[in-house]
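The values are calculated or read from the model by the stated rules, or taken from the named source; none is laboratory data. Given the structure is predicted, the values throughout are model-derived calculations rather than measurements. Every residue, glycine among them, receives a Cβ derived from its backbone with ideal geometry; neighbour counts consider all protein chains shown.
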């Protein structure tokens, strides 16, 4: 890993990494999916339009709609946000699949 | 004398909303342990619960990422799926923690209106005593690097314990989180149960202080970034020997419920 310090190499191996500034809009979109009910409703009604509303580029929209975790992580998405955004979408789309305590 | 009990509770959302992929028996075992915590809290009769949890990028998105935060409003509220929740905050103790914490050299963030993440809610959904008591919610950054070091969490917990012991109220302290899990990563189905068991063994032996020396990298590698909340509570309980109410690992999560006598 030429040009990458030991410290950086170690940081690249972490499961939960610093969210790069270039992925801010993608992470904001994932955050909104998990934490903003109104945005989640808009996404469920029209995923592509909602993703574009958040300013995502074409590849990010494609990978978000496909639920392609690895591709989203490669774009700089935070792993936890990818996980919980997907879970919240599933809870809304398939509520009867859950037992609520 | 005011610290009357200390606990650590898992908070995985599948304990609240169980998908079909989750073993119901394991979920119910954790609920049973939560029930024991609730009965203990009712016997201990705390005036409040100081709960240490790691916000899941809910209250604190990238507009502001505090290492440690204290909720000092009159109340706090949040939602998860169709669960909505609201709790009163014990303002005198919250302010004492904030002011005395800063006085002791911890540059704490505070909030009067941040949302309350489900990390706080899930254990309280199951363990809140009757009659209910107010909270002092205390956030530790566990998911957004760079997180506070385990040693710093332990030191903050030690200061927190001193502050709480100096109060006239009866206070229960609770850590929410852990143990091993890797949400959103390719290790999701491979929690490090062996590491968890080694930690629990140390805690049962009263060796919790050793966790101050664990590195942040080791926490990440073992799926235990959330153990920072436990380490904070360990700073407050010192060498107390843990009683493990349950360790009920699922296919993706080391669910544990623990009490420390104080």
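Closer than 28 Å to residue B:237 by Cα and over 19 Å from the mean Cα position of the chain (by Cα): is that true of residue B:53 in this structure?
no
I'm told residue B:146 meets every condition in (1) outside any loop (DSSP other than H, G, I, E, B); (2) within 14 Å of another protein chain (Cβ to nearest Cβ) except one. Can you identify the failing condition by its number?
(1)
Could you run through region A:86-101 and say how many residues are in a helix (DSSP H, G or I), more than 7 Å from chain B (Cβ to nearest Cβ) and surrounded by fewer than 17 Cβ atoms within 10 Å (Cβ to Cβ)?
Residues flagged as in a helix (DSSP H, G or I), more than 7 Å from chain B (Cβ to nearest Cβ) and surrounded by fewer than 17 Cβ atoms within 10 Å (Cβ to Cβ) within region A:86-101 amount to 5.
Exactly one condition in (1) within 14 Å of chain A (Cβ to nearest Cβ); (2) at pLDDT 95 or above is not met by residue B:186; state its number.
Answer for residue B:186: the failing condition is (2).
From the list B:90, B:56, B:82, which residue is within 14 Å of another protein chain (Cβ to nearest Cβ) and touching a strand residue (DSSP E or B) at 6+ places or on another chain (Cβ under 8 Å)?
B:82
Rundown of residues vs (1) over 13 Å from residue B:151 (Cβ atoms); (2) in contact (Cβ under 8 Å) with a residue 12 or more places away in the chain; (3) more than 16 Å from the chain's Cα centre (by Cα), yes/no style:
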position: B:188; (1), (2), (3): yes, yes, yes
position: B:197; (1), (2), (3): yes, yes, yes
position: B:220; (1), (2), (3): yes, no, yes
position: B:230; (1), (2), (3): yes, yes, no
position: B:233; (1), (2), (3): yes, yes, no
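Please find, within region B:61-76, the residue that is nearest to the other protein chains (Cβ to nearest Cβ) out of those that are part of a loop (DSSP other than H, G, I, E, B) and in contact with a strand residue (DSSP E or B) (Cβ under 7 Å, 6 or more places away or on another chain).
The qualifying residue nearest to the other protein chains (Cβ to nearest Cβ) is B:66.
Go through (1) part of a strand (DSSP E or B); (2) within 28 Å of residue A:77 (Cβ to Cβ); (3) in contact with a helix residue (DSSP H, G or I) (Cβ under 6 Å, 6 or more places away or on another chain) and name the single condition residue B:79 misses.
(3)
Looking at (1) over 27 Å from residue B:91 (Cβ atoms); (2) in contact (Cβ under 8 Å) with a residue 12 or more places away in the chain; (3) within 14 Å of chain A (Cβ to nearest Cβ), which is the only condition residue B:25 fails?
(2)
Say whether the condition of being within 11 Å of another protein chain (Cβ to nearest Cβ), within 23 Å of residue B:147 (Cβ to Cβ), assigned to a helix (DSSP H, G or I) and free of Cβ contacts under 8 Å to residues at least 60 places away in the same chain is met by at least one residue in region A:34-47.
yes
Of everything in region A:74-85, what is in a helix (DSSP H, G or I) and at the interface with chain B (Cβ under 8 Å from one of its Cβ atoms)? Give them in sequence order.
Across region A:74-85, the qualifying residues are A:79, A:80, A:81, A:82, A:83, A:84.
Please give the helices (runs of 4 or more DSSP H) falling wholly within region B:159-262 in which 3 or more residues are crowded, with 23+ Cβ neighbours inside 10 Å and out of contact with any strand residue (DSSP E or B) (no Cβ under 8 Å at 6 or more places or on another chain).
Passing ranges, in order: B:227-237.
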